[in-house]
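For reference, the structure is listed below as structure tokens.
The values are calculated or read from the model by the stated rules, or taken from the named source; none is laboratory data. For clarity, every value in this text was computed on a predicted model and none was experimentally measured. Counting neighbours? That spans all protein chains shown, and the Cβs are built from the backbone with ideal geometry, glycine included.
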Amino acid sequence: MRLELPRMGHEVTVCPDGTTAVAALERNRYDCLLVDLDMPGYNGIEVIAKARELSPEAEAVVLTGKSSMQSAIAALRYGAFDYLTKPCRLVEIEALLSRVAQKIDLANKYRAIARRLQRIEGTAELIGRTPKMEAVRKLIAKVAPTDSTVLILGETGTGKELAARAVHNQSTRAEMPFVAINCGALPENLIESELFGHRKGAFTGAEEHRKGLFEVANGGTLFLDEIGELPKAIQAKLLRFLESGEIRRVGENESFTCDVRVVTATHRNLDAMVAEGEFREDLWFRINTFEIHLPPLRDRVEDIPLLARSLAARFRGGLKPDDQIFSPETLAALGEHCWPGNVRELANVIEHALILCDAGPILPSHLPSRFAARRLRGNAGKTLNEIELGAIQDAVDRHGNNKPRAAEELGISLKTLYNKLGQAQAASLDKSA
């Protein structure tokens, strides 16, 4: 192996015993360990256990004699990738190392895809410093470690899926799947199959067995967005799962269990739907074990600058959330809008502005036309300097005269803010004189 494996493209370190191997693991990183079981110092299983601590990415292959098969099986239980029986041929070693390389390549691709998805989806961080958002974060931190069902309430676009992801990421299921589905986005005749799966031939078009989303999310979290749109028949099947943990595929008679935490969300008034007979009362009691209310954006206007910078950094690579990309006038215009579409509308506005602003700061002229109409109505008869000073004074007032926070919101330095306020004061004295 010392002579032949380098000719196949591998770098080889040979260790005469287990103690030397552990010392090598402390100094260097290895992709694969070919480990004999019977060695002086640390034996093979002890070396594998140490490798799990020192180099968890390394795969271990056990070399064993025919009389030590039980030990080889024990090594597999400790996490060994495979074993070879001595004397082993070079072609067998080459084939096994090729399989290890394929596994490493797949793991690297998985990590790359996961990073790409995270960039696309953003993090599960709920952005905002207002008391209402701090209260939401505290509720999530309380309920996340439990297995309780969670109902997230809020207007469209307030970030209900983001809150559900935060619940999942702070739970003991964080390493398992998070699966989201919008209950109102699928036709009624398909949603049962989508959630619970089906067997081949269960209905026209069912040409193969299919797992449902409950099975896909097994061990993790299933997020049912807009649960108020769920048909009554499917509500009954969901209630059965919440009470028994059992599901049944379409076209099958036997039920089976799934370990899935259910998080739901809606913008509708489920109390009123229950009263009108549109939503099952027993299901309503079952899903609202723990409620989290997300505030609309108009109730946390102070968070808009922070949200806007974060969204800009997400849409344009290379930007940081604290970069000074918005002019004070732009931030003032964003703060004056009523945001019927909440954070989702803000995201669309920021993306629109980034397309128009090229590399420079985002100005009011880069915002959609509806902002220009509002701005003209509100600032009629004012000079540009008066509009800018008004935006600065509004920010200072909103933060209770906390000038560093006001400067941060406006995207300007504290020195610039003091200079502008000084100019305003001087202008006011000149007028009074």
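Give the residue that is nearest to residue 95 (Cα to Cα), with candidates limited to residues of the range 2-13 that are exposed (fewer than 15 other Cβ atoms within 10 Å of the Cβ) and touching a residue at least 24 places away in the same chain (Cβ under 8 Å).
If we take residues in the range 2-13 being exposed (fewer than 15 other Cβ atoms within 10 Å of the Cβ) and touching a residue at least 24 places away in the same chain (Cβ under 8 Å), then 8 is nearest to residue 95 (Cα to Cα).
When the range 18-48 is examined, which residues are found to be over 15 Å from residue 60 (Cβ atoms), out of contact with any strand residue (DSSP E or B) (no Cβ under 9 Å at 6 or more places or on another chain) and not β-branched (Val, Ile, Thr)? Full working, then the answer.
Keep residues of the range 18-48 that are over 15 Å from residue 60 (Cβ atoms), which gives 19-20, 23, 26-28, 38, 40-41.
Within this subset, residues satisfying the condition of being out of contact with any strand residue (DSSP E or B) (no Cβ under 9 Å at 6 or more places or on another chain) are 19-20, 23, 26-28, 40-41.
Within the range 18-48, 23, 26, 27, 28, 40, 41 qualify.
Against the numbered list (1) over 19 Å from residue 165 (Cα atoms); (2) surrounded by fewer than 21 Cβ atoms within 10 Å (Cβ to Cβ), residue 197 comes up short only at (2). The sole residue among 184, 220, 197, 251 that is under 30 Å from residue 110 (Cβ atoms) and modelled with pLDDT under 90 is 197.
Reported count of residues in the range 166-194, each being farther than 21 Å from residue 230 by Cα and assigned to a helix (DSSP H, G or I), is 4. Listed by first and then second residue, the pairs with beta-carbon distance under 6 Å, at least 6 apart or on different chains, first residue in the range 295-323 and closer than 19 Å to residue 159 by Cα, second crowded, with 21+ Cβ neighbours inside 10 Å and modelled with pLDDT under 85, are 305/409.
Evaluate the following for residue 151: is it modelled with pLDDT of 90 or more and part of a strand (DSSP E or B)? Here the answer is yes, as residue 151 does meet what is asked.
The residue pairs whose first member lies in the range 344-357 and is in contact (Cβ under 8 Å) with a residue 40 or more places away in the chain, whose second member is surrounded by fewer than 17 Cβ atoms within 10 Å (Cβ to Cβ) and not hydrophobic (A, V, I, L, M, F, W, C), and whose beta carbons are closer than 7 Å, counting only pairs six or more residues apart or on different chains, are 354/316.
Within the range 14-43, the set of residues being over 16 Å from residue 93 (Cβ atoms) and touching a residue at least 24 places away in the same chain (Cβ under 8 Å) comprises 17, 18, 21, 22, 25, 26, 29, 37, 38, 41, 42, 43.
Criterion applied to 185, 174 was being closer than 30 Å to residue 304 by Cα, more than 14 Å from the chain's Cα centre (by Cα) and surrounded by fewer than 18 Cβ atoms within 10 Å (Cβ to Cβ), and the one residue passing it is 185.
What number of residues within the range 229-271 satisfy the criterion of being crowded, with 21+ Cβ neighbours inside 10 Å, part of a loop (DSSP other than H, G, I, E, B) and within 27 Å of the chain's Cα centre (by Cα)? Residues in the range 229-271 being crowded, with 21+ Cβ neighbours inside 10 Å, part of a loop (DSSP other than H, G, I, E, B) and within 27 Å of the chain's Cα centre (by Cα): 2 in total. Where helices (runs of 4 or more DSSP H) fall wholly inside the range 362-433, the ranges with 3 or more residues that are within 35 Å of the chain's Cα centre (by Cα) and at pLDDT 65 or above are 369-378, 384-398, 403-410.
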